[in-house]
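Asker: What follows is a structure written as structure tokens; I'll ask about it next.
Each value in this text was obtained by applying a stated rule to the coordinates, not by laboratory testing. Quick caveat: nothing in here was measured; it's all calculated off a predicted structure. We place every Cβ from the backbone using ideal geometry, glycine too, and count neighbours over all the protein chains shown.
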Amino acid sequence: MKIALTKTDNVYRRNKGFLDILHIDGWLLLGILMLLSASTLLVYSASGGDIDVTYRHILRIGFALALMLIFAQIPPNILYLFTPWLFLAGILMLIAVILFGDVGKGAQRWLDLGPVKFQPSELMKLVLPMTIAWLFAHSNLPPSYRRLAVGALLIAFTAGLIVVQPDLGTSLLIAMSGLFVLFFAGLPWKIIFGAIVATVVSLPIVWHFMHAYQKQRVLTFLDPETDPLGSGYHIIQSKIAIGSGGIEGKGFMGSTQAHLDFLPESTTDFIFSVLAEEFGLIGVILLLTLYVFVIARGLFIASQAQGNFSRLVASSLMMTLFVYVFVNIGMVSGLLPVVGLPLPLMSYGGSALVTLMISFGILMSIHTHKKLLSQ
Amino acid sequence: MNEHLEFNSDAEAQAEKNLFRNRLIFAFLFVLSLFTVLIGRMAYLQWIDFERYHLLAEDNRISVETLSPTRGKIYDRNRLLLADNQPVFTLKLTREKIEDLAEIEQHLAKLLPNFSESQRSKFFDKLRKTSRSKTLLLPYSLSESEAAEFAVQSHKMPGVVLTARLKRTYPFGASGVHAIGYVGRINTKEMSGLDERSYRGTDVIGKLGIERYYEDKLHGEPGIQQVETNARGRVLRKLETIPAVPGKDIQLTLDIKLQQYAESLFTKHKRGSIIAIDPRNGEILTYVSMPTFDPNLFVDGIDQKSYSGLLNNPHKPFINRGINGKYPPGSTIKPFVALGAIEKDYISPTKKIFDPGYFEYKGHRYRDWKRYGHGLVDMSDAIVQSCDTYFYELSLDMGIDAIHDAMAPFGFGAVTGVDIPGESKGILPSQKWKRETKGLPWYRGETIISSIGQGYNLTTPMQLAKATAILANGGKIIQPHLLRGQELASPQQIEIKDIKNWERVIKAMRDVMHGAKGTARRHGAGLPFEVAGKTGTAQVFSLNEADYEAENLDKSLHDHALFIGFAPVKNPKIAVAVIVENGGSGSGTAAPMAVNVIKEYLKTNP
């Protein structure tokens with residue numbers, strides 16, 4: 001006991017630098033800052049050298065970093081206490097969106113709170129996995145079947161509220177973030193495989209309930225060439241941009257496809273194509289390495305975390321980040337359907353970046369608020 | 001180690017930790033393998049298939065352009081053009097092709113003296129910061145001589161191209177702007193509510209009136225054009241085209257000549273509304289809200305000076321008085337109250353009441369407008385001479401709820417459903433209304449003043465016109481509308497107990513105009529047709545808009561002048577409601593305006 005105390009005391013003293021006082025994890029911050037710098041250059045290039053857009057992007061990055069710093073100060077046990085209330089608030093807001101949300105582009109995703117417009121589903125990206133983790137943190141892992149069932153019900157209920165907005169893409173991704181908690185909590189393999197089989201079987205039924213525009217997206221995904229003037233145009237142009245980048249790329253500001261306006265949404269959903277065109281396969285591999293580095297660091301933080309709540313939250317947030325990266329890159333390279341999803345830490349745009357940086361703040365808090373002795 | 005101290009006492013915790021660690025390892029392997037898939041995909045596109053995509057990119061000269069649809073035109077009932085699309089000249093600037101922006105700015109300043117300096121510097125600021133490859137349109141329409149001058153000098157301005165586009169114009173200018181509305185630039189808030197696809201390539205949207213209400217019809221669907229471009233993105237050849245579907249032309253029920261005439265009647269008084277409806281089908285013939293303003297100013301964005309001039313105009317031209325002006329209806333509601341009373345047997349039409357010039361209730365004297373009273377009056381006399389005392393006494397027998405029930409079928413206190421966005425519903429008071437909105441019980445004294453259209457009563461000119469039309473057509477609840485062909489196939493009918501009661505009320509309204517004692521007899525005299533009408537003078541108790549300079553006016557001019565009427569009495573073709581803000585008396589100001597509108601209309605539509 002005595003020895004241990006001295007040891008931890010040593011460890012404590014050794015690490016107590018500037019970053020520790022701020023509750024920042026240096027490695028994670030390094031990866032994030034490298035990605036954000038790349039993002040700023042890309043936004044500048046993809047917008048054709050638009051200074052206004054680049055300036056706004058930098059402002060948003062600054063704001064998001066500040067939020068990360070704030071959330072890193074909140075100890076996980078405080079977050080744990082607030083989790084059920086945040087979930088309740090999130091559910092109420094989702095219901096409010098359905099009842100009197102602002103209808104933007106045919107879907108009511110925004111809640112108009114006077115000066116700010118707010119997207120409750122963005123909040124749920126964080127709060128749902130936290131809630132499921134909160135639920136499972138009450139007992140030993142793996143959780144009982146009853147708890148697993150309750151968790152699955154909460155996930156389905158939340159996703160259901162978002163599906164009716166209607167926003168199928170977001171609802172699937174949010175459900176996914178909750179399911180990762182189930183997975184990390186020790187959901188038995190037989191249930192996982194059973195669920196995969198059941199999903200495959202139920203696909204035709206889902207197809208039946210899709211909106212016409214969603215069906216159209218799936219169809220053009222399967223064969224983009226059939227609709228070269230409409231949604232297929234995006235994928236075709238994106239593939240041309242990526243492929244023509246070759247191994248070395250065309251150089252910074254050298255993306256002809258984005259600059260001649262062939263490539264749509266070049267600063268947001270399709271920013272990866274600009275990177276691939278300008279920096280080639282080498283740039284792509286570097287970027288993916290950076291993502292692997294950040295995710296790996298996040299999963300390491302999860303492995304070192306104390307308590308089931310921290311573990312489950314950290315690991316599921318990192319896997320959610322991975323899914324976003326994979327779906328976006330898969331989309332722009334023609335592996336997955338066009339779902340209109342930004343590339344985390346790269347795309348121009350505010351709310352997704354804010355959510356993501358908050359989740360990094362939570363991770364840093366988990367890593368830096370460990371108790372020396374816990375019982 | 002720390003972790004051992006923490007957990008070795010608990011085997012379960014260790015098992016838990018192992019489980020989690022295994023899952024983490026599995027997840028990380030999952031991440032790595034899927035990223036490998038992505039790298040494989042990229043290697044396939046960028047390495048193996050590089051040649052193919054390289055050629056495609058070099059050859060990527062097929063670009064897709066949006067063809068914006070032509071907005072539907074708006075016609076009046078006689079097919080006169082109310083909203084048109086006129087080709088105008090403007091300049092297109094591409095930053096990439098311009099070497100010296102400051103030089104171009106100077107050239108343009110000389111060339112276009114009417115393009116204000118603030119707008120110019122704002123535009124060039126935007127151009128400086130925007131994407132190099134973007135092309136921006138100058139927010140200014142060149143006159144023909146300016147366009148010709150530009151053509152001569154264009155060699156000095158590379159990257160600036162003369163182009164033609166269609167601009168919405170309103171040939172009748174300010175006339176009927178509150179009904180027709182106008183289009184303006186789409187703002188960010190509107191953009192977020194729009195279907196991106198169908199508004200690609202469109203930069204204006206209906207902001208007000210018909211232009212906004214029938215946006216879906218007028219807008220059309222954009223087309224798509226594949227064009228071949230050279231390596232710098234310049235269009236060489238047009239390939240496949242899906243043509244744009246132009247918006248639908250629409251015809252209104254409005255008679256723009258009659259509208260102009262009605263607006264011209266506002267000379268001495270500046271503010272008010274005249275609405276004329278065909279009582280047979282609900283077609284709106286004129287929709288006057290005065291003062292008006294020129295919609296052409298708004299199409300390309302209004303300059304700050306003109307806008308603040310309009311905004312600060314003491315007569316408030318932006319208020320759409322026809323549907324949003326809420327006025328105490330005054331005596332114009334008397335025919336409706338009287339009809340309700342005799343239909344429901346609250347009073348016999350022949351019963352006479354003595355009017356000493358006031359009505360006393362609980363020690364309070366409610367005055368008649370005529371100081372020494374009207375003497376013995378029956379229902380007909382009470383309407384013809386607009387006797388207040390008769391209605392004071394009748395109202396206590398009826399009670400507020402019976403008055404409410406008599407008037408509600410005529411559309412008071414509810415939106416009329418006219419096809420202009422943002423209609424107000426006014427107030428038709430009842431016990432329930434007061435309890436729900438004010439949380440207070442109803443007082444009998446309030447019933448007394450309600451019976452002459454004062455107190456809580458508030459109506460819009462559109463409601464008055466609709467009610468008058470329903471009275472004129474024998475209880476057919478028509479739907480007032482501006483778009484031709486929108487009349488109800490089978491309108492509801494107000495329940496009639498005895499048609500003679502309706503005839504009595506209409507006869508009394510005829511006598512308002514043509515009887516020996518009618519309040520508006522001097523305006524009914526000598527007409528080639530018979531008019532039924534009712535004057536109203538609504539007291540305005542609070543003038544909160546101090547900038548009306550009301551204190552300089554004669555006291556009586558504080559009152560709003562009202563008139564409702566229809567003609568010909570036997571077979572009504574037009575029903576009119578007139579409100580003149582602070583116009584004085586209904587008989588002096590509003591009645592002659594209504595009669596003139598009717599006369600003008602029946603001249604061409606006998």
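Asker: List the residues, sorted by chain then number, that are 5 or more residues from B:VAL245 or on another chain and whose placed amide H is less than 5 Å from its amide H.
Answerer: It is B:GLU221, B:GLY223, by chain and number.
Asker: Compute the long axis of helix A:2-15 from its Cα atoms, compare it with the longest principal axis of the Cα atoms of chain A, and write down the angle in degrees, 0 to 90, nearest 10.
Answerer: In chain A, helix A:2-15 runs at an angle near 30 degrees to the longest axis.
Asker: Determine ³J(HN,Hα), in whole Hz, for all residues of the stretch A:342-354 in sequence, where each value follows from phi through the Karplus function 6.51 cos²θ - 1.76 cosθ + 1.60 and θ = phi - 60°; x replaces Gly and Pro.
Answerer: Those phi angles translate into x, 8, x, 6, 10, 5, 6, x, x, 5, 5, 5, 4 Hz.
Asker: Between B:HIS374 and residues 5 or more places away or on another chain, which pairs have amide H atoms under 5 Å apart, with H built 1.01 Å from N, and which residues are they?
Answerer: Residues meeting the criterion, in which the H sits 1.01 Å from N, are B:ASP355, B:GLY357.
Asker: Which of the chymotrypsin sites (Phe, Trp or Tyr not before Pro) found in the stretch B:425-518 are in a DSSP loop and have at most 16 neighbouring Cβ atoms, other than their own, within 10 Å? Kindly include the intermediate steps, with their values, before the conclusion.
Answerer: Values: sites: B:TRP433, B:TRP442, B:TYR443, B:TYR456, B:TRP502; in loops: B:TRP442, B:TYR443, B:TYR456.
Listed in order of number, the matching sites are B:TYR443.
Asker: Right, another one. Find the eigenvalues of the gyration tensor of the Cα atoms of chain A, then list the square roots of 5 times those eigenvalues as equivalent ellipsoid semi-axes, largest first, in whole angstrom.
Answerer: Taking √(5λ) for each eigenvalue gives 35, 28, 20 Å, largest first.
Asker: Same structure, new question: Would you mind working out the magnitude of the charge dipole of the stretch A:20-368 relative to its Cα centre, with +1 at each Lys and Arg C-beta and -1 at each Asp and Glu C-beta, to the nearest 20 Debye?
Answerer: Value, rounded to 20: 1020 debye.
Asker: If packing is taken as the mean number of other Cβ atoms within 10 Å per residue, what is the order of B:336-349, B:240-253, B:116-129, highest first?
Answerer: Numbers: B:336-349: 19.9, B:240-253: 17.1, B:116-129: 14.1.
My ranking of the peptides, most packed first, is B:336-349, B:240-253, B:116-129.
Asker: May I pose another question? Within 10 Å of each Cβ in A:291-298, how many Cβ atoms from other chains are there, averaged over the peptide? Each step should come with its number before you reach the end.
Answerer: Numbers: counts 3, 4, 0, 0, 5, 3, 0, 0.
Counting other chains' Cβ atoms within 10 Å and averaging over A:291-298 gives 2.
Asker: Pull up the cross-link candidates among the aspartates and glutamates for B:LYS370, meaning alpha carbon to alpha carbon under 18 Å and not fewer than 8 places away within one chain.
Answerer: In chain and number order, the partners are B:ASP355, B:GLU360, B:ASP378, B:ASP381, B:ASP388, B:GLU393, B:ASP559.
Asker: Now for a different question. Greater than 30 Å separation of Cα atoms is the criterion. Which listed pairs, A:LYS239/B:LYS207; B:LYS432/B:LYS517; B:LYS466/B:LYS507; B:LYS497/B:LYS570; B:LYS268/B:LYS507; A:LYS250/B:LYS97, meet it?
Answerer: A:LYS239/B:LYS207; B:LYS432/B:LYS517; B:LYS268/B:LYS507, as the Cα separations exceed 30 Å there.
Asker: Moving on to the next point. Arrange the following residues from fewest to most other Cβ atoms within 10 Å of their Cβ: A:THR256, B:THR389, A:THR289, B:THR70.
Answerer: Final ranking by Cβ density, sparse to dense: A:THR289, B:THR70, A:THR256, B:THR389.
Asker: Report the calculated FRET efficiency for B:THR267 and B:SER424 (r = Cβ-Cβ distance, R0 = 22 Å), to the nearest 0.05.
Answerer: So, using R0 = 22 Å, E works out to roughly 0.20.
Asker: If you count, for every residue in A:241-252, the Cβ atoms of partner chains within 10 Å of its Cβ, what is the mean?
Answerer: Details: counts 5, 7, 15, 13, 7, 8, 4, 1, 1, 1, 0, 0.
For peptide A:241-252, the averaged partner shielding equals 5.
Asker: By per-residue mean of other Cβ atoms within 10 Å, what is the highest-first order of A:81-90, B:197-206, B:589-598? Kindly include the intermediate steps, with their values, before the conclusion.
Answerer: Numbers: A:81-90: 15.9, B:197-206: 17.4, B:589-598: 25.0.
Ranked from most to least packed, the peptides come out as B:589-598, B:197-206, A:81-90.
Asker: Evaluate the distance, in nm, between pseudo-label points positioned 7 Å from the Cα of B:GLU51 and of B:THR169 along their respective Cα→Cβ axes.
Answerer: Going from the B:GLU51 label point to the B:THR169 one covers 5.9 nm.
Asker: Given axes a ≥ b ≥ c from the Cα gyration tensor, I'd like to know whether the stretch B:41-194 is rounded (a/c under 1.5), prolate (a/b larger than b/c) or oblate.
Answerer: Oblate shape, in that a/c is at least 1.5 and b/c is the bigger or equal ratio.
Asker: Let me ask another. Taking θ as phi - 60°, what are the ³J(HN,Hα) couplings along the stretch A:152-158 by the Karplus curve (6.51, -1.76, 1.60), each to the nearest whole Hz, with x for Gly and Pro?
Answerer: Result, rounded to whole Hz: 4, 5, 4, 4, 5, 5, 4.
Asker: May I pose another question? For A:ILE51 and B:GLN486, what is the calculated FRET efficiency with R₀ set at 60 Å and r taken between the beta-carbons, to the nearest 0.05?
Answerer: Numbers: r = 51 Å, r/R0 = 0.85.
Calculated transfer efficiency: 0.70.
Asker: So for the protein assembly as shown, taking the charge dipole from beta-carbon charges (+1 Lys/Arg, -1 Asp/Glu), which of B:PRO335, A:PHE183, A:VAL313 sits furthest toward the positive end?
Answerer: Among B:PRO335, A:PHE183, A:VAL313, the one farthest towards the positive end of the dipole of the protein assembly as shown is B:PRO335.
Asker: Nearest 10 degrees, 0 to 90: what angle lies between the long axis of helix B:499-514 and the longest principal axis of chain B (Cα atoms)?
Answerer: 90
Asker: Oh, and also: Amide H neighbours of B:ASN85 under 5 Å, at least 5 residues apart or on other chains, H built in the peptide plane: list them.
Answerer: B:THR169
Asker: Please list, or write none, the aspartates and glutamates whose alpha carbon is within less than 18 Å of the alpha carbon of B:LYS305, excluding same-chain residues fewer than 8 places away.
Answerer: By straight Cα distance, B:LYS305 reaches B:GLU117, B:ASP294.
Asker: Pop out the ³J(HN,Hα) list for the stretch B:407-421 in order, Karplus 6.51 cos²θ - 1.76 cosθ + 1.60 with θ = phi - 60°, rounded to Hz; leave Gly and Pro as x.
Answerer: Running phi through 6.51 cos²θ - 1.76 cosθ + 1.60 with θ = phi - 60° gives 8, 4, x, 7, x, 5, x, 9, 5, 7, x, 5, 7, 10, x Hz.
Asker: Output the pairs from B:LYS92/B:LYS122; B:LYS167/B:LYS248; B:LYS129/B:LYS156 with a Cα-Cα distance over 19 Å in this structure; if there are none, say none.
Answerer: Pairs exceeding 19 Å: B:LYS129/B:LYS156.
Asker: Count, for each residue of B:477-490, the Cβ atoms from other chains sitting within 10 Å of its Cβ, then give me the mean as a whole number.
Answerer: 0
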